[in-house]
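Notes to accompany the following structure.
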Amino acid sequence: MSDVLYKYLPEHSVSLCFELIKSNHVHLKIVNERVTRHGDYRRDGSGAHIITVNYSQNKYRFLITLVHEIAHLVAFEKYGRHIKPHGEEWKLTFQRLMVPFIRPEIFPHQLLSLVARHFRNPKASSDTDATLALALKQFDPENDKNYVFEIPYGSTFRIHNGKIFKKIALRTKRIECLELATGKVYLFNPNAEVELLS
């Protein structure tokens, strides 16, 4: 298993991750990329801990996602299954599990301080931290995608399912966009990746 992890994780994080996987009896599945999530944790009918993480060429995003999901498992085991999935117990667990990874041997200089800052109060997704999301994006393979917050108001864009929208307004932390085919207004996470059309 640890040999396989070298393909997906920063080299100096592999042994730490392998220990987390082994000590928590995790059955890890690496799956094709899903648009709605980077990973998930569930306990199956037999009580096995199953964690799925999207295949990613970005080893830093993979690491953060893997530890995020293991934090769910550890928090549920320690505090019980009635806690909020991204509540205080999970945050404390995620912070504690990430501390050994926040080192210059694991994260490059341009990410290290942003990761450290993010983990003072981790969010349900690293994608909701715009600064960290942009910094992580530079380690993704080249693509033609933009974040919604980067494109000008009035621009049209396409999402993963082919639907076309026009960016119209900012509403608190979300961006209001008009679906051109139906005239319905939807709220987008600012860090949603889209294909700019015009």
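The values are calculated or read from the model by the stated rules, or taken from the named source; none is laboratory data. Please read all numbers here as calculations on a predicted model, not as lab measurements. All Cβ positions, glycine included, derive from the backbone under ideal geometry; neighbour counts span all protein chains shown.
Within segment 27-50, work out how many residues are β-branched (Val, Ile, Thr) and under 22 Å from Ile102 (Cα atoms). Matching residues across segment 27-50 total 0. Comparison of Glu69, Glu19 shows that the only residue that is under 20 Å from Ala124 (Cβ atoms) and outside any strand (DSSP E or B) is Glu69.
Once segment 5-23 is narrowed to residues that are free of Cβ contacts under 8 Å to residues at least 60 places away in the same chain and either in contact with a strand residue (DSSP E or B) (Cβ under 8 Å, 6 or more places away or on another chain) or of a type in the set (D, E, K, R) (or both), the residue that is nearest to Leu63 (Cα to Cα) is Tyr8. Scanning segment 33-57 for residues that are crowded, with 18+ Cβ neighbours inside 10 Å, among the small types (Gly, Ala, Ser) and assigned to a loop (DSSP other than H, G, I, E, B) yields a single hit, Ser56. Sub-9 Å Cβ pairs linking a first residue in segment 117-131 that is part of a loop (DSSP other than H, G, I, E, B) and of a type in the set (A, V, I, L, M, F, W, C) to a second residue that is modelled with pLDDT of 85 or more and surrounded by 15 or more Cβ atoms within 10 Å (Cβ to Cβ), at least 6 apart or interchain, are Phe119/Phe94; Phe119/Gln95; Phe119/Met98; Phe119/Ile102; Ala124/His68; Ala124/His86; Ala124/Trp90, ordered by first then second residue. Note on segment 95-110: residues that are buried (at least 18 other Cβ atoms within 10 Å of the Cβ) and at pLDDT below 95 amount to 0.
For segment 42-74, filtered to residues that are touching a Leu at 6+ places or on another chain (Cβ under 7 Å) and among the charged types (D, E, K, R), the residue that is nearest to His118 (Cα to Cα) is Arg61.
Restricting attention to segment 142-152, does a residue exist that is closer than 22 Å to Gly39 by Cα, assigned to a strand (DSSP E or B) and touching a strand residue (DSSP E or B) at 6+ places or on another chain (Cβ under 8 Å)? Yes, there is a match, as at least one residue in segment 142-152 is closer than 22 Å to Gly39 by Cα, assigned to a strand (DSSP E or B) and touching a strand residue (DSSP E or B) at 6+ places or on another chain (Cβ under 8 Å). Summed over segment 17-32, the residues that are out of contact with any Leu (no Cβ under 9 Å at 6 or more places or on another chain) and surrounded by 11 or more Cβ atoms within 10 Å (Cβ to Cβ) give a count of 6. If you filter segment 112-137 down to residues that are among the hydrophobic types (A, V, I, L, M, F, W, C) and surrounded by fewer than 18 Cβ atoms within 10 Å (Cβ to Cβ), you find that the one that is farthest from Ser15 (Cα to Cα) is Ala130.
Only one of the listed residues (Ile83, Ile70, Ile64) is surrounded by fewer than 19 Cβ atoms within 10 Å (Cβ to Cβ), in contact with a helix residue (DSSP H, G or I) (Cβ under 6 Å, 6 or more places away or on another chain), under 26 Å from Val31 (Cβ atoms) and assigned by TED's automatic domain parsing to the domain that holds Tyr8. That residue is Ile83.
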